[in-house]
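Please treat every number below as a calculation from the coordinates, not as lab data. For clarity, every value in this text was computed on a predicted model and none was experimentally measured. Virtual Cβ from ideal backbone geometry, glycine too; neighbours counted across all protein chains shown.
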Amino acid sequence: MTAMVTPHLFIPGPTNVPDAVRMAMNLPMEDMRSPEFPKFTLPIFEDLKKAFKMKDGRVFIFPSSGTGAWESAIENTLAVGDKVLMSRFGQFSLLWVDMAERLGLNVVLCDEEWGTGVPLEKYADILAKDTAHEIKAVFATHNETATGVSSDIAGVRKALDAAKHPAMLFVDSVSGVGSLDMRMGEWGVDCCVSGSQKGFMLPTGLGILAVSQKALDANKSLNGRMNRCFFSWEDMIKTNDQGFFPYTPATQLIRGLRTSLDLLFAEGIDNVFARHTRLASGVRAAVDAWGLKLCAKEPKWHSDTVSAILVPEGIDSANVVKTAYYRYNTSLGVGLNKVAGKVFRIGHLGALDEYMIGGVLFSVEMALKDCGVPVKLGSGTGAAAEYFVNNPVKPADKK
Ligand code: PLP
């Protein structure tokens with residue numbers, strides 16, 4: 001390993017920042033109250049809506065991480081004691097439940113096996129039985145980054161519609177938006193939470209929250225409000241409408257966001273999703289070839305942005321991560337909480353191509369071998385290459 005080479009980053013966020021985005025942030029500090037500033041910010045608010053495929057509503061940009069956007073969604077639409085439906089099946093869905101409880105919500109909880117996702121049938125059943133419409137919001141983690149599980153948000157919408165239930169739909173798509181299809185308008189999502197450091201390919205520091213008109217209306221008609229200040233939508237709206245912010249915005253990051261949106265639109269947002277599916281399929285081909293299993297229990301849960309890979313009994317996955325880091329200059333994601341020591345994660349989202357996937361698979365198979373996992377060197381990289389060659393990018397996906 002040589003210190004001359006930049007470490008290879010394959011954690012599921014922060015992701016690799018494209019050079020164009022990095023250069024766009026390399027600017028002198030600027031005046032965030034200048035009369036020119038709104039010309040820069042107002043189009044960004046509009047363009048962000050395209051990334052979320054929204055019909056109505058607006059997008060807030062907080063100088064926070066995704067956790068702040070989680071908090072903002074709750075505090076601006078719900079009151080202490082409100083009943084909400086949530087599910088827990090990984091570290092991030094667990095943390096969202098924890099936040100909801102700490103903020104005083106009455107959580108109806110579906111505790112699911114880690115490696116599965118949002119339980120659609122249970123949700124449908126609970127919603128159908130809630131004829132008094134006591135449940136004010138239904139929460140769904142679009143992409144559980146800890147276990148590499150994606151959930152069917154359109155299915156949650158169907159469950160709500162089948163029960164003719166008026167609850168709002170809140171989605172955590174921190175490791176989804178910009179890399180996985182998110183159709184807020186079509187799926188009737190009311191609050192969609194994201195952050196800058198994943199599909200938007202930026203450093204951490206922006207909590208991005210897209211909200212529907214229904215959520216904005218709920219905010220206006222709230223009784224028994226939850227206290228809020230920094231994350232208040234009212235303060236944001238007052239200033240955002242003029243192209244400004246209620247407090248000092250992270251101007252460099254927003255400059256970077258302009259460029260990352262330009263890159264996503266230049267490739268075509270649907271082509272970006274197709275690229276993620278293709279690259280993830282290559283990773284999954286490698287996992288098969290190594291004779292290993294994903295933490296995601298069924299193909300319907302497979303995430304196209306992160307793969308959590310189970311190591312065989314008797315092997316500590318933290319050792320695989322450490323070995324990849326020290327011997328091969330490659331950062332992988334560790335297992336969190338219940339799956340600590342059992343899985344390691346490959347983040348495959350953001351600015352990535354086949355070459356980079358080949359690189360991380362190369363490091364992983366060497367680290368596995370070093371740690372005593374009986375993999376055949378070249379098997380995973382070979383299987384991924386095979387997949388990419390046999391599944392060329394469709395001409396329609398090419399620019
Ligand atoms: N939700 C998911 C699915 C995440 O992956 C993360 C972070 O990795 C979060 C929420 C929390 O976001 P942040 O760390 O930006 O606060």
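Quick notes on this structure:
- Counted by neighbouring Cβ atoms within 10 Å, the residues Asp152, Asp31 run from fewest to most as Asp31, Asp152.
- Mean separation of Cα contacts under 8 Å, 6 or more apart, over the residue count of the chain: relative contact order %: 23
- Cα-based shape type of the stretch 111-225, given that a ≥ b ≥ c are square roots of the gyration tensor eigenvalues and the cut on a/c is 1.5: oblate
- Estimated 222 nm signal from helices in the chain, with DSSP H stretches of n ≥ 4 weighted -39500 (n - 2.57), rounded to 500: -12500 deg cm²/dmol
- Nearest-ten-degree value, helix 354-370 long axis tilted from longest Cα axis of the chain: 60
- Rounded if a/c under 1.5, otherwise prolate or oblate - the chain, Cα gyration tensor axes: oblate
- Cα-based equivalent ellipsoid of the stretch 194-261: semi-axis lengths in Å, sorted from largest, via gyration tensor: 25, 14, 11
- Sequentially through the stretch 39-52, phi angles give Karplus couplings (6.51, -1.76, 1.60; θ = phi - 60°) of 4, 8, 7, 4, x, 5, 4, 5, 5, 4, 4, 5, 5, 8 Hz, Gly and Pro residues having no value and appearing as x.
- Against the chain, whose longest principal axis comes from its Cα atoms, helix 269-289 is set at around 40 degrees.
- Pairs beyond 22 Å (Cα-Cα), from Lys136/Lys297; Lys164/Lys214; Lys164/Lys300; Lys338/Lys369; Lys293/Lys376: Lys136/Lys297; Lys164/Lys300; Lys338/Lys369
- The phi torsions of the stretch 173-186, fed into the Karplus equation with coefficients 6.51, -1.76 and 1.60 and a -60° offset, translate into couplings of 10, 4, 9, x, 3, x, 10, 10, 4, 10, 10, 4, x, 4 Hz, rounded to whole numbers, with Gly and Pro shown as x.
- Applying the criteria of a DSSP loop state and at most 13 other Cβ atoms within 10 Å to the trypsin sites (Lys or Arg not before Pro) of the stretch 36-102 yields Lys55.
- Within the stretch 80-144, the GluC sites (Glu not before Pro) that combine a DSSP coil assignment with at most 15 other C-beta atoms in a 10 angstrom radius are Glu113, Glu134.
- For the chain, the longest principal axis of the C-alpha atoms and the axis of helix 379-390 are separated by about 70°.
- Shown for Leu361, Leu105, Leu263: other C-beta atoms within 10 Å of each C-beta, ranked fewest to most, produce the order Leu263, Leu105, Leu361.
- Average silhouette area of the stretch 31-114, convex hull of alpha-carbon atoms, in square nanometres: 7.6
- Compared with the alpha-carbon gap, the fully stretched path from Asp56 to Arg102 is longer by 13.5 nm at 0.36 nm per residue.
- Burial ordering of Met184, Met25, Met54, Met99, fewest other beta-carbon atoms within 10 Å first: Met99, Met25, Met54, Met184
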